[in-house]
Amino acid sequence: ALPISHIGLCDHSPQSAMVAVREVLTEGLNYSIGEWFQPDFIHPFMNISVTVVPDSLKPIPPQWVNDVELDEFGAEMGDVMGEGPVLAWSAEERKQRLLMALRRLDLTEETLTTKKINVMSRADLAYEKKRVKQELKKYDTDWRKQFRVLPNHAQKEVMRPLYIYYRRLKHQLAQAEQGARASGGQAEQDSDDDADDRQPTVLESGGKSKGRRGDVESQITQLEARANTLQQEKGAVRTKLKEFQENFVIQHHRKIRFHKDILPIEREYRMYKNIKEEISKVEGQLRTLRGGAC
């Protein structure tokens, strides 16, 4: 409680009243703040544990949204400007991979089509088929080891001659085994344990196999059309993003670095990223279907 003398009741002038109020407030604050420094004062905030992180270790941007480093679309920006990491072998390197595979198989591109596999025994056909398949798998495995994804259909196009030769061997082996069964003999078990190779061929299962193959081919056609549409959409968005990035460099004399830099076109960056992810999914489905159709 404050002494009544501090209120100044004897003087009724406005100036004296303001002085009296100021004195009351000052003394009230002094009394309240003084309690904070008493030994018996307790407040939850006084027990908060504080960890100080140096600015050199984790700086806080003055404007977080604007000055934060842009990491989310880093791959997309590099892709648009052609500055991203190497994501595929060059055409020359792919060709060299085919030639090395042929040397290991003791074959040439010419003998792939001229070799008389119809005179080979079932054992030789099975062994040759296994060797070829190992080379085809090696191409995929080496690609995945370097780029962390499997190659798509276009990236495996260079290996087409070897794939055709593999199908010839598979077809010839199926005919040889069917002939052995027809003559009362027991077909040798294929040493290759891949599930794709154990699927019935057209000669073995007739119309049902044709129907299943037709369904697979229909799905492949639809997915290829979807992939082409996505590639066109990706190209259109990429052109817009590239133009934006080139203009940004001209205007600001630096590359895009912060989130605020892409605010006018952030929607397109997100769309471009989503399209790339969708293309990857479609290509994965195509690889699965084409592998089953081999």
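Which one is modelled with the highest pLDDT, of the residues in region 68-117 that are within 26 Å of the chain's Cα centre (by Cα), open to solvent by 30 Å² or more (accessible area, probe 1.4 Å) and of a type in the set (A, V, I, L, M, F, W, C)? Explain how you work it out, then say what you get.
Keep residues of region 68-117 that are within 26 Å of the chain's Cα centre (by Cα), which gives 68-94, 97.
In the following step, the residues that additionally are open to solvent by 30 Å² or more (accessible area, probe 1.4 Å) were identified as 68-69, 71-72, 74-75, 79, 81-88, 90-94, 97.
Next, from what is left, pick out any that are of a type in the set (A, V, I, L, M, F, W, C): 68, 75, 81, 86-88, 91.
Values: Val68: 53, Ala75: 57, Met81: 55, Val86: 53, Leu87: 64, Ala88: 77, Ala91: 86.
Among those that are within 26 Å of the chain's Cα centre (by Cα), open to solvent by 30 Å² or more (accessible area, probe 1.4 Å) and of a type in the set (A, V, I, L, M, F, W, C), it is Ala91.
Restricting the search to region 241-275, which residues are open to solvent by less than 60 Å² (accessible area, probe 1.4 Å) and in contact (Cβ under 8 Å) with a residue 60 or more places away in the chain?
Correct list: Leu241, Gln245, Ile256, Phe258, His259, Asp261, Ile262, Tyr269, Tyr272, Lys273.
Which residues, counting only those in region 268-294, are outside any loop (DSSP other than H, G, I, E, B) and more than 19 Å from the chain's Cα centre (by Cα)? Spell out how you get there, then give the answer.
Keep residues of region 268-294 that are outside any loop (DSSP other than H, G, I, E, B), which gives 268-293.
Listed by number, the residues that qualify are Leu289, Arg290, Gly291, Gly292, Ala293.
Restricting attention to region 153-180, which residues are buried (at least 19 other Cβ atoms within 10 Å of the Cβ) and under 27 Å from the mean Cα position of the chain (by Cα)?
Correct list: Gln155, Lys156, Val158, Met159.
Pairs please, first residue from region 124-148 and of a type in the set (D, E, K, R), second anywhere and open to solvent by 50 Å² or more (accessible area, probe 1.4 Å), Cβ atoms under 7 Å, 6+ apart in sequence or on different chains.
So the pair list comes out as Lys130/Ser191; Glu135/Arg104; Asp140/Leu150; Arg144/Leu150.
If you scan region 134-152, which residues turn out to be open to solvent by less than 30 Å² (accessible area, probe 1.4 Å) and not in a helix (DSSP H, G or I)?
Within region 134-152, Pro151, Asn152 qualify.
Among the residues of region 217-238 satisfying the criterion of being β-branched (Val, Ile, Thr) and surrounded by 11 or more Cβ atoms within 10 Å (Cβ to Cβ), which is nearest to Glu283 (Cα to Cα)?
Taking region 217-238 first, the residues β-branched (Val, Ile, Thr) are 220-221, 229, 237.
After this cut, where a residue has to be surrounded by 11 or more Cβ atoms within 10 Å (Cβ to Cβ) as well, the list is 220, 229, 237.
Working: Ile220: 10, Thr229: 13, Val237: 20 Å.
Selected residue: Ile220.
Out of the residues in region 118-130 that are among the hydrophobic types (A, V, I, L, M, F, W, C) and within 42 Å of the chain's Cα centre (by Cα), state the one that is farthest from Gln172 (Cα to Cα). Give the steps one after another, and end with the answer.
Start the filter on region 118-130 by keeping residues that are among the hydrophobic types (A, V, I, L, M, F, W, C), which leaves 119-120, 123, 125-126.
Checking the rest, the ones that are also within 42 Å of the chain's Cα centre (by Cα) come to 125-126.
Working: Leu125: 8, Ala126: 10 Å.
If we take residues in region 118-130 being among the hydrophobic types (A, V, I, L, M, F, W, C) and within 42 Å of the chain's Cα centre (by Cα), then Ala126 is farthest from Gln172 (Cα to Cα).
The values are calculated or read from the model by the stated rules, or taken from the named source; none is laboratory data. For clarity, every value in this text was computed on a predicted model and none was experimentally measured. Reconstructed Cβ throughout: ideal geometry from the backbone, glycine too, with neighbour counts over all protein chains shown. Remember, those area values only see protein heavy atoms, side chains included, never the ligands or the DNA or RNA. Shrake-Rupley method; radii C 1.70, N 1.55, O 1.52, S 1.80 Å.
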